[in-house]
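The next block holds one structure in the form of structure tokens; read it before the comments.
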Ligand SMILES: [Zn+2]
């Protein structure tokens, strides 16, 4: 990973962290720094901080941190070198190629090529005899050639080897096809096509690469759909169908549909801001990606029972990501695709009307409850009130809460105040529950991060003192030599801090350092830990006096003496003796 220094400097100066991060996160200025909602965990109040001054970021909620390269590694799910390439491309720089191990990144490129070739192959099959079934299915669903081309739809013939042979002819190895998940290996060792006799829907990433496929079978065989498993270039928990098209519409609203055909139908009707989650229920990751491009999500799932359950599940996930949520219910138990086929030319206008009339998520949930209970009976009324108050308890805006409580009160003939007080109790209970969950998940994350310095657990006081010295040295490179004398590297107790201190002493010899100077040499968790040490000391920066106290703590840690040499031990006791007698405070250990 030896990238030349001049290149790293150039890259850093062209990729300012605040510019890069703000294309993913809405940042607001807060003093010298910028704050926003963390893209790596779910939160409602911002704990994600960007420090332009030293080119770093740190989240106080999930403790993820690092420099601009670490940020890209996390958010684009790339390894170090790929993140460097990603940023270089953006900045118009070429990465020097020599001496760099890029086997993973080469495989990733091969997989993307295989995917692109496969998509081409599937598309061409539509115009060949073996693809007739696929073409007639798509035309039968009312699609025109232009739409088929725009979405890159295709057909995988059912011979079992058509794609494998085609790719082999282009020079790809069966192992690479397996890595791309377009082929599997049979018991007797032969590669065969993963997709057979299926209409193919390619899935693009935000940069326009084909990263995966969904395939629909045309017979009654199960499963109806199969999708690419996770590969080096695809994670289904973050994939969104047609997001590559929807993001370019510039709309602050995204329509979330259920299936590929629904998305295509909505795009054809002019609603090109429609996307779908893929073969899974919506994930927090997908919602976070949506939030990067939009402020409002409109859920437009099937109106059958399964679709409505999926709607109920999706609402809190979207809201947690910071999106406002609306729900469109297509009348007559139809899915959007059926709706547009039914209404033909009138479809777009009718759907636009549905969009305009769509309620926000609270209205949707109250309507849903009202249809479940009979308000004619006392029993039905009580249940409606109880569950309705629960829904209202989740509304954060007090004015809104008041409006819905008023509506509920009127419908059931009770006082608004009783509903509001019930809702307040439910909200308090929910907050306690959420706080417990939050603490639990933070402890899990912290546990993972503290693997960077496992010895800290047994030496908390010393490790804290070590971090103090490291944070100080970071900001005062001119004190490097003085520190080396007062606290030689060998005196550090915890192994990780020792390594960090040594590297820092080396680097500060040449002047100022930044967190980026360590990227590439440290892994992602280590980068987070380094950033934590630096930024957590920013609010109350240690001064020289604090540092001297910290050095004393470290130098007098008995654990250090267990692995110290005889000479060091002698010096230690000598120092203790001196301190007792005269209190000389030179702090050296010989
Ligand atoms: Zn976070």
(message) Six or more apart or on different chains, Cβ atoms under 8 Å: show the pairs whose first residue is in region 131-152 and free of Cβ contacts under 8 Å to residues at least 40 places away in the same chain and whose second is in a loop (DSSP other than H, G, I, E, B).
(response) 131/157; 135/126; 135/127; 148/126
(request) Among the residues of region 169-189, count how many are in a loop (DSSP other than H, G, I, E, B) and touching a strand residue (DSSP E or B) at 6+ places or on another chain (Cβ under 8 Å). (result) 4
(request) Being touching a strand residue (DSSP E or B) at 6+ places or on another chain (Cβ under 6 Å) and under 29 Å from residue 146 (Cα atoms) is the filter here, so list the residues in region 290-311 that pass it. (result) 290, 294, 297, 298, 299, 300
(message) Looking at region 265-281, can you tell me whether even one residue there is in contact with a helix residue (DSSP H, G or I) (Cβ under 8 Å, 6 or more places away or on another chain), farther than 25 Å from residue 138 by Cα and modelled with pLDDT of 90 or more?
(response) no
(message) Please go through (1) closer than 26 Å to residue 271 by Cα; (2) in contact with a helix residue (DSSP H, G or I) (Cβ under 6 Å, 6 or more places away or on another chain) for residue 81 and return the number of the only condition it doesn't satisfy.
(response) (1)
(request) With the checklist (1) at pLDDT 95 or above; (2) within 23 Å of residue 8 (Cβ to Cβ) in hand, flag the one item residue 100 doesn't pass. (result) (1)
(message) Looking only at helices (runs of 4 or more DSSP H) that lie completely in region 459-546, which have at least 1 residues being free of Cβ contacts under 8 Å to residues at least 24 places away in the same chain?
(response) 460-475, 480-486, 495-508
(request) Quick one: which residue in 73, 16 is out of contact with any strand residue (DSSP E or B) (no Cβ under 9 Å at 6 or more places or on another chain) and either more than 16 Å from the ligand (Cβ to nearest atom) or closer than 29 Å to residue 451 by Cα (or both)? (result) 16
(message) So residue 212 ticks every box in (1) modelled with pLDDT of 95 or more; (2) surrounded by fewer than 22 Cβ atoms within 10 Å (Cβ to Cβ) but one. Which box is left unticked?
(response) (2)
(message) Looking only at region 198-218, filter to residues that are in a loop (DSSP other than H, G, I, E, B) and over 17 Å from the mean Cα position of the chain (by Cα); which one of those is nearest to residue 107 (Cα to Cα)?
(response) 209
(message) I need the full set of residues from region 398-414 which are on the phi < 0 side of the Ramachandran plot and free of Cβ contacts under 8 Å to residues at least 40 places away in the same chain, in order please.
(response) 398, 399, 400, 401, 402, 403, 405, 406, 409, 410, 412, 414
(message) Only one of 81, 93, 87 is away from the ligand (no atom under 16 Å from the Cβ), in contact (Cβ under 8 Å) with a residue 60 or more places away in the chain and within 28 Å of residue 475 (Cβ to Cβ). Can you tell me which?
(response) 87
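Given the structure, is residue 63 modelled with pLDDT of 85 or more, at positive phi and within 16 Å of the ligand (Cβ to nearest atom)?
yes
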(request) For residue 105, work out the one condition from (1) crowded, with 16+ Cβ neighbours inside 10 Å; (2) over 26 Å from residue 211 (Cβ atoms); (3) away from the ligand (no atom under 16 Å from the Cβ); (4) modelled with pLDDT under 90 it doesn't fulfil. (result) (2)
(request) Please specify each residue of region 37-52 satisfying the condition of being closer than 17 Å to residue 72 by Cα and within 16 Å of the ligand (Cβ to nearest atom). (result) 37, 38, 39, 40, 41, 48, 49, 50, 51
(request) Could you please find all residues in region 138-168 being in contact with a helix residue (DSSP H, G or I) (Cβ under 9 Å, 6 or more places away or on another chain), part of a loop (DSSP other than H, G, I, E, B) and within 25 Å of residue 230 (Cβ to Cβ)? (result) 151, 152, 153
(request) Would you mind telling me which numbered condition in (1) under 27 Å from residue 512 (Cβ atoms); (2) within 15 Å of the ligand (Cβ to nearest atom); (3) under 16 Å from the mean Cα position of the chain (by Cα) residue 34 fails? (result) (3)
(message) Looking for something without any contact (Cβ under 8 Å) to a residue 24 or more places away in the chain and more than 28 Å from the chain's Cα centre (by Cα) - is there at least one such residue anywhere in region 99-106?
(response) no
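The values are calculated or read from the model by the stated rules, or taken from the named source; none is laboratory data. What you are looking at is a predicted structure, and each value in this text was computed from that prediction instead of being measured. Neighbour counts run over all protein chains shown; Cβ positions are idealised from the backbone, glycine included.
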